[in-house]
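The values are calculated or read from the model by the stated rules, or taken from the named source; none is laboratory data. For clarity, every value in this text was computed on a predicted model and none was experimentally measured. Cβ: placed from backbone, ideal geometry, glycine included. Neighbour counts: every protein chain shown. Ligands, DNA and RNA are stripped out before the accessible areas are found, and what is left, the full protein with its side chains, is counted by its heavy atoms. Shrake-Rupley method; radii C 1.70, N 1.55, O 1.52, S 1.80 Å.
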Protein chains: 2
Amino acid sequence: MNLEPILFENDCLKIIDQTRLPDKFIYINLPDLKSVCKAIRSLKIRGAPAIGITAAYGFFVAANALAKKKKLNTDALLSLAEKLIGLRPTAVNLSWAVKRMQDEYKKHSDDTSIEQVVDALRNKAIMIHQEEKAACEKIGESGEKLIPQPANIMTHCNAGILATGGIGTALAPVYKSMGSGKNVHVFVNETRPVGQGARLTYWELNYNKVPCTLITDNMAGWIMKSKKIDLVITGADRITANGDTANKIGTYALAILAKYHKVPFYVAAPLSTFDFKIPDGYNIMIEERDKEEITNFWNIKKKRLYKVMNPAFDVTPASLITGYITPAGIFNRIENLTY
Amino acid sequence: MNLEPILFENDCLKIIDQTRLPDKFIYINLPDLKSVCKAIRSLKIRGAPAIGITAAYGFFVAANALAKKKKLNTDALLSLAEKLIGLRPTAVNLSWAVKRMQDEYKKHSDDTSIEQVVDALRNKAIMIHQEEKAACEKIGESGEKLIPQPANIMTHCNAGILATGGIGTALAPVYKSMGSGKNVHVFVNETRPVGQGARLTYWELNYNKVPCTLITDNMAGWIMKSKKIDLVITGADRITANGDTANKIGTYALAILAKYHKVPFYVAAPLSTFDFKIPDGYNIMIEERDKEEITNFWNIKKKRLYKVMNPAFDVTPASLITGYITPAGIFNRIENLTY
């Protein structure tokens, strides 16, 4: 599992350009705030934890540049933070990571040396990355207990290495089970409109030699009926206080299909994805993305004739979720979670 | 609604090349059996009733060519029929139309004049086309009673003009309601992998000025939850004696989502789609199509690395179907149907 979607070396930030996968496996440099924002906005990096890590490093890169120009101050960092947080409103990890960077700055803003402030921010960003990696490992350990031998697992979108910088959230139990010699097979929903399943999940599972089969999203119900699916595991972009879960569009329908077929449906997420400030799913803001994500596929030239809805996420009510696979164990109600 | 996907004039067969829609609206000639087979196989014409009509005309075109070469005989027509029927195993209308053409030949094969046989076959093919058109009109009249004012309807795949040669099956009640002044709006599922919803249904609804919104298949559940959907109507490729219905992949999942959200789910079909010889859905043969239909979208070059499932259809059990909209009225159990 030695695949690193986010690299940070000598104060330089690099990411795999995920929009080029599976055809091209290349890293791109993100030398400044502008390139970081563009990469997040255009989905070159995506997945709630990976966005958070990239934003933390991006915060550092921008703060470092400001420091060199002697312009590092509270106002500049506030404007920087706002820019980053506004990029993807649904993923809670983004604002969580940026706020931690801001807090770190506040803690050190009275330090005499600007170098010390920069060092503190660098260390904090690295720590956020390391924490997410450790969280993935623990999610894997928690979730592996749910995986029978042999196992047929279904997943949606990409909640793997590429999404987290670690071994993933939804895919962590899969990788851990492989590691301990279980025979796992994964049905990968392609995940329209952007194809994170087809392009990313299939690619990284294949890269790590996990047997898998690609299907279109609308086949999931039929596969549950005609094949034996042991469980569904998805990631999450935001989990509210009552357990309602925002995740990639299609997750809600998948949870209903799982319930209908009596297939257990699990959500895997680090603790940073839980947002106790939001009482339930009705209060989650859902990002609406460009209609071109949908029309581009179909050789539709006269786009103005096309009225399209493109919510990037949906909300799965807690009642449809069998359990939450977290670094702290598996829970079937978020109330049981303790930090 | 003056849109003709299948034209037959002066013994020449022309169809709209539906693989070029929505970008190009062009007719192509089908001058011989080979071109007819290729058009059906490559989905230039698709939709169970339209395939049946095209196969009937194709049967005539081929028989006419054989007659000119003095090679029109039972064996030649049997081989011809087998070729046509094998093209798309799930659509019952195809074998139904071809068998009617064969029966017509048998009825006339003792006629003294070969011209009379050819005339009889021509008339039979035209009659099959006219019957399908009339059936669509009646489906529209039956189904219009189900459409409230105003109405929000969801549909999957294309069961409209392009699929039938008439005003459609699933879309017939929509067109009839428009005609009688109701405010209808249609949510169109794009229908992966081939995009009949995005490319064909949206195009023909727009061509006929019916307001509609395009969504990806995995949004259907979320739309049912967040918008008021009055009913779902789909077409059918084959309906068995107990009411189980084979239709485009994704229909089964859509029916489960409709049931979960208490949205009525209707199947619209001409009587030719009902196949009483098959007791239930377990006995329907499901066509598996090329994996390229799925991988082509995602810039996947190394296709050999990709294991893909691509069932073209699924089977929705009768228990998930609120009713069948037929030319003979609306039924909630197929046992009630009488010819």
Q) If one takes the longest principal axis of the Cα atoms in chain A, at what angle in degrees, from 0 to 90 and to the nearest 10, does the Cα axis of helix A:114-144 lie? A) 10
Q. Where the centroid of each part is defined by its Cα atoms, how far is segment A:263-337 from segment A:140-180 in Å?
A. 19
Q.
Restricting to Cα atoms and excluding each atom paired with itself, what does the Kirkwood estimate give for segment B:72-160 in Å?
A. 15.8
Q.
Through the Karplus equation 6.51 cos²θ - 1.76 cosθ + 1.60, θ set to phi - 60°, convert the phi angles of segment A:277-290 into ³J(HN,Hα) values in whole Hz; use x for Gly and Pro.
A. 6, 9, x, 7, x, 5, 9, 8, 7, 9, 6, 9, 9, 4
Q: With a 1.4 Å probe and every protein chain left in place, tell me how much accessible area B:His185 has, in Å² to the nearest 10.
A: 30
Q) If you average 1/r over every pair of different alpha-carbon atoms in chain B and take one over that average, what Kirkwood value in Å do you get? A) 20.3
Q: Could you grab the Rg to Rh ratio for segment A:1-60? Cα atoms only, Kirkwood for Rh.
A: 0.93
Q. Which residue, A:Gln149, A:Gln130, A:Gln102, tops the fluctuation ranking in a GNM of chain A built on C-alpha contacts under 10 Å?
A. A:Gln149
Q) 222 nm [θ] for chain A, helices only, -39500 (n - 2.57) per DSSP H run of 4+, per residue, to 500? A) -11500 deg cm²/dmol
**Q.** Net dipole in debye of segment B:103-192 [+1 Lys, Arg Cβ; -1 Asp, Glu Cβ; about Cα centre; nearest 20]
**A.** 480
Q. Any idea what Rg and Dmax come out to for segment B:257-339 if you just take the C-alpha atoms, in Å?
A. 17.7, 53
Q) What residue among B:Ile26, B:Thr74, B:Ile51 has its Cα farthest toward the positive end of the dipole of segment B:3-75, where the charges are +1 on Lys, Arg and -1 on Asp, Glu, each on the Cβ? A) B:Thr74
(Q) Suppose you put the label 7 Å out from Cα in the Cβ direction; list, shortest first and in nm with one decimal, how far A:Pro150 is from each other copy's label. (A) 5.3
Q: Determine the total buried accessible area between chain B and chain A, counting protein heavy atoms only with a 1.4 Å probe; round to the nearest 100 Å².
A: 4800
Q. Among A:Tyr324, B:Ile147, B:Leu87, which residue has its Cα positioned farthest towards the positive end of the charge dipole of the protein assembly as shown, with +1 placed on the Cβ of Lys and Arg, -1 on the Cβ of Asp and Glu, and the dipole taken about the Cα centre?
A. B:Leu87
Q: Could you work out the mean count of beta carbons from other protein chains within 10 Å of each residue's beta carbon in A:257-269?
A: 1
Q: May I ask you to give the percent of accessible area on segment B:155-307 that is carbon plus sulfur, with a probe radius of 1.4 Å?
A: 53
Q. When all C-alpha to C-alpha distances in segment A:192-339 are sorted into bins of 5 Å, what percent of pairs does each bin hold, rounded to whole numbers?
A. 2, 9, 16, 18, 19, 16, 12, 6, 2, 1, 0
Q) Using the heavy atoms of the protein chains alone and a 1.4 angstrom probe, what is the accessible area of the protein assembly as shown per residue in square angstrom? A) 38
Q) Mind listing the phi-derived Karplus ³J(HN,Hα) values for segment B:63-68, rounded to whole Hz, using 6.51, -1.76 and 1.60 with θ = phi - 60°, and x for any glycine or proline? A) 5, 4, 5, 4, 4, 5
Q) Viscosity 0.692 mPa s, temperature 37 °C: Stokes-Einstein D of the protein assembly as shown from its Kirkwood Cα radius, in µm² per second? A) 122
(Q) If N is the number of residues in segment A:290-329, what value comes out of its Cα radius of gyration divided by 2.2 N^0.38 Å? (A) 1.97
**Q.** Inter-copy spacing of B:Gln116 label points, which lie 7 Å from Cα along Cα→Cβ, given in nm from shortest upward
**A.** 11.1
(Q) Under 10 Å, Cα contacts only: if you run a Gaussian network model on chain B, which one of B:Ala170, B:Ala268, B:Ala318 comes out with the highest mean-square fluctuation? (A) B:Ala318
Q. Can you list, shortest first and in nm, the gaps between the label point of A:Glu292 and those of its counterparts in the other copies, using a point 7 Å from Cα in the C-beta direction?
A. 2.8
Q. Calculated FRET efficiency, B:Asp23 and A:Lys68, Cβ-Cβ r, R0 56 Å, to nearest 0.05?
A. 0.65
Q: Could you rank A:Phe60, B:Phe276 by how accessible they are, 1.4 Å probe, largest area first?
A: B:Phe276, A:Phe60
**Q.** Sites B:Lys182 and A:Glu288, calculated FRET efficiency, Cβ-Cβ separation with R0 30 Å, nearest 0.05
**A.** 0.55
Q | Residues in segment A:284-300 occluded by at least 20 Å² - accessible area, probe radius 1.4 Å, against chain by itself | A | A:Ile294, A:Phe297, A:Trp298, A:Asn299
Q. To the nearest 20 debye, what is the magnitude of the charge dipole of segment B:251-339 about its Cα centre, counting +1 on the Cβ of each Lys and Arg and -1 on the Cβ of each Asp and Glu?
A. 500
**Q.** Long-range amide H partners of B:Val186 with built H, under 5 Å
**A.** B:Ile153, B:Cys212, B:Thr213
Q: Take segment A:24-129, compute every pairwise Cα distance, and split them into 5 Å bins from 0; I just need the percent in each bin.
A: 2, 14, 26, 25, 18, 9, 4, 1, 0, 0
Q.
What does the structure give for B:182-192 when I average, per residue, the other chain Cβ atoms found within 10 Å of the residue Cβ?
A. 2
